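Data block below; observations after.
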Amino acid sequence: MLEAALPVEKSVPKPRSPELPLTGPIPRHWFAGNALATHLVNGVSMLFPAGERFFVRSVNHYLGQLPDPLLRAQVKGFFAQEGRHAKEHDRWNEILVAQGFSVDHFLAGYERLAYGVIERVSSPALRLATTAACEHFTALLAEKALRNRILEHADPTMRALLLWHAAEEIEHRAVAFDVLAQVAPSYPLRIAGLAMATACLGTFWLFATTMLLWQDRKTVWPKLRLHLGQIRAVRKERNLKGVFLPGILAYLRRDFHPLQLDLDQLAADYLLDAKLA
Ligand SMILES: [Fe+2]
Ligand SMILES: [Fe+2]
């Protein structure tokens, strides 16, 4: 939801460690028994550990150049939150392995291409701009998870992990953007970061999801129509509109700022409810 004015208060993101029993067995199709929905979320989750460590490296490159102590404190809070998210999503990847999925080849290829090649040939400023755009996307996904309550029928452990992650993504959604605005305030650079983030996230997410669906094809194909129908019904019932196109259009506005997205109360309410405030 876009609001006209910027919120006045900027807070320091606070890292939390929810007790998540990720060592116990998690149902193979943990998302309401729907294999398609499960692998769509598994797919993006697989990208998170290396992705979030990349975000930290990109912002950390500029930490010494930030004169504002509040922004420096926010950056440190952002690092702590992303570090914990990456760790939990590492454990999620271990769960996929325990469920019988082969993910190592995909992860090795993704990490080699994304961080061994694309990161290395990109300038520090483009890496930061890509991070700022990725943070915009994660905040938009977080809003869907919290506002539309799409995880209501998910396995409780996975739901707790995703909603904790979503709330903290909302909390730190402006940090990389504000660093970018301080160290490299260029509209074309911000848009180049948006293009890079869209291309990389879209491509790797698609490959990860396809790879999991292929490995699970014996259960996915016979129920494909049923699962597609369930997803369509939930989209209709929860009035779920697109995430990425409106998000990209908003980000293209020259005066865009992540705090124009009116999300703070949504995150605060969840954290209070989950006793994580
Ligand atoms: Fe995160
Ligand atoms: Fe983030």
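The values are calculated or read from the model by the stated rules, or taken from the named source; none is laboratory data. All of these numbers come straight from a predicted model, not from anything done at the bench. Here Cβ is always computed from backbone atoms with ideal geometry, including for glycine, and neighbour counts include all displayed protein chains.
For the stretch 62-83: of the residues being more than 16 Å from ligand 1 (Cβ to nearest atom) and in a helix (DSSP H, G or I), which is surrounded by the most Cβ atoms within 10 Å (Cβ to Cβ)? So that I can check it myself, show each step before the final result.
Going residue by residue through the stretch 62-83, those that are more than 16 Å from ligand 1 (Cβ to nearest atom) are 62-73.
From what is left, the residues that are in a helix (DSSP H, G or I) are 63-65, 69-73.
On the way: Leu63: 13, Gly64: 7, Gln65: 9, Pro69: 8, Leu70: 12, Leu71: 19, Arg72: 15, Ala73: 15.
Checking each candidate, the answer is Leu71.
Residues in the stretch 192-209 that are without any contact (Cβ under 8 Å) to a residue 24 or more places away in the chain and either β-branched (Val, Ile, Thr) or surrounded by 19 or more Cβ atoms within 10 Å (Cβ to Cβ) (or both): Thr203 alone. Output the residues belonging to the stretch 9-61 that are buried (at least 22 other Cβ atoms within 10 Å of the Cβ), within 16 Å of ligand 1 (Cβ to nearest atom) and not in a helix (DSSP H, G or I). The answer is Pro13, and nothing else.
Beta carbons closer than 7 Å, at least 6 apart along the sequence or on distinct chains, pair a first residue in the stretch 216-235 that is polar (S, T, N, Q) with a second that is surrounded by 11 or more Cβ atoms within 10 Å (Cβ to Cβ) for Thr219/Ala35; Gln230/Asn34.
Quick one: which of Glu168, Glu135 is farther than 17 Å from Phe54 by Cα, modelled with pLDDT of 95 or more, part of a helix (DSSP H, G or I) and within 16 Å of ligand 1 (Cβ to nearest atom)?
Working: Glu135 fails: farther than 17 Å from Phe54 by Cα.
Matching residue, one of Glu168, Glu135: Glu168.
Filtering the stretch 140-149 for residues that are assigned to a loop (DSSP other than H, G, I, E, B), under 24 Å from Gly247 (Cα atoms) and more than 15 Å from the chain's Cα centre (by Cα) leaves a non-empty set.
Taking the condition within 16 Å of ligand 2 (Cβ to nearest atom), more than 15 Å from the chain's Cα centre (by Cα) and crowded, with 22+ Cβ neighbours inside 10 Å, does Leu163 pass? In short, no.
The set of residues in the stretch 171-190 being part of a loop (DSSP other than H, G, I, E, B) and away from ligand 2 (no atom under 16 Å from the Cβ) consists of Ala184, Pro185, Ser186. Applying a threshold of 9 Å to beta carbon distances and a minimum spacing of six or more residues, or different chains, the list of pairs starting in the stretch 131-142 at a residue that is of a type in the set (D, E, K, R) and ending at one that is part of a helix (DSSP H, G or I) and near ligand 1 (Cβ under 10 Å from one of its atoms) reads Glu135/Phe55; Glu135/Phe78; Glu135/Glu169.
Pro124 passes every criterion in (1) of a type outside the set (S, T, N, Q); (2) closer than 23 Å to Ile26 by Cα; (3) touching a Ser or Thr at 6+ places or on another chain (Cβ under 9 Å); (4) surrounded by fewer than 17 Cβ atoms within 10 Å (Cβ to Cβ) apart from (2).
Look at the stretch 256-277: where a residue is buried (at least 16 other Cβ atoms within 10 Å of the Cβ) and a partner is among the acidic types (Asp, Glu), sitting 6+ places away or on another chain with Cβ atoms under 7 Å, you get Gln260/Glu3; Leu263/Glu143; Leu266/Glu143; Ala267/Glu171.
In this structure, does Thr157 turn out to be farther than 21 Å from Val59 by Cα, away from ligand 1 (no atom under 13 Å from the Cβ), part of a helix (DSSP H, G or I) and polar (S, T, N, Q)?
Details: farther than 21 Å from Val59 by Cα: yes; away from ligand 1 (no atom under 13 Å from the Cβ): yes; part of a helix (DSSP H, G or I): yes; polar (S, T, N, Q): yes.
The answer is yes for Thr157.
Selection within the stretch 84-98: residues that are closer than 26 Å to Leu180 by Cα, surrounded by fewer than 20 Cβ atoms within 10 Å (Cβ to Cβ) and of a type outside the set (A, V, I, L, M, F, W, C). The member of this set that is farthest from ligand 1 (Cβ to nearest atom) is Lys87. The residues of the stretch 263-276 that are under 20 Å from the mean Cα position of the chain (by Cα) and either among the aliphatic types (A, V, I, L, M) or not in a helix (DSSP H, G or I) (or both), listed by number, are Leu263, Leu266, Ala267, Ala268, Leu271, Ala274, Leu276. Scanning the stretch 237-262 for residues that are modelled with pLDDT under 95 and in a loop (DSSP other than H, G, I, E, B) turns up Arg238, Asn239, Leu240, Lys241, Gly242, Val243, Asp262.
Pairing each residue of the stretch 176-191 that is more than 19 Å from Arg53 (Cα to Cα) with any residue that is of a type in the set (Lys, Arg), provided the two are 6+ apart or on different chains, yields C-beta distances under 9 Å for Ala181/Arg190; Ala184/Arg190; Tyr187/Arg254.
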